[in-house]
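K.L.:
I'd like to ask you about the structure that follows.
The values are calculated or read from the model by the stated rules, or taken from the named source; none is laboratory data. As the structure is a prediction and not an experimental result, all values here were calculated from the model. Positions of Cβ are generated from backbone atoms using ideal geometry, with glycine treated the same way; all protein chains shown enter the neighbour counts.
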Amino acid sequence: MTEENHLKLRRAKSAAVVEDIQRQEYKIRRWQPDKPCHKHRDSLFSWSSGFGDFTGFVNWAFLLLFMGGTRLFLENLLK
């Protein structure tokens with residue numbers, strides 16, 4: 001016999017069980033707050049966010065370059 005012959009057929013759940021599940025979900029949703037505490041918005045790194053003032057990122061880049069250059073300068077002095 002093949003595997004297909006060994007499979008058991010199962011009955012679908014009754015409509016009453018489905019209605020009970022829907023009723024329980026409705027009760028849960030009914031008690032949820034109307035206003036969510038978070039709002040969806042675009043990431044600051046996406047072009048669609050409207051954020052265009054990148055001076056902070058430029059300042060951070062210059063600070064990192066300055067610190068790296070200072071470290072190399074001090075290493076060369078100590079040699």
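K.L.:
Being surrounded by 10 or more Cβ atoms within 10 Å (Cβ to Cβ) and outside any helix (DSSP H, G or I) is the filter here, so list the residues in the range 47-79 that pass it.
P.N.:
51, 54
K.L.:
If you don't mind, another one. Looking at the range 29-61 only, could you name the residues that are at pLDDT below 85 and of a type in the set (A, V, I, L, M, F, W, C)?
P.N.:
The answer is 31, 37, 44, 45, 47, 51, 54.
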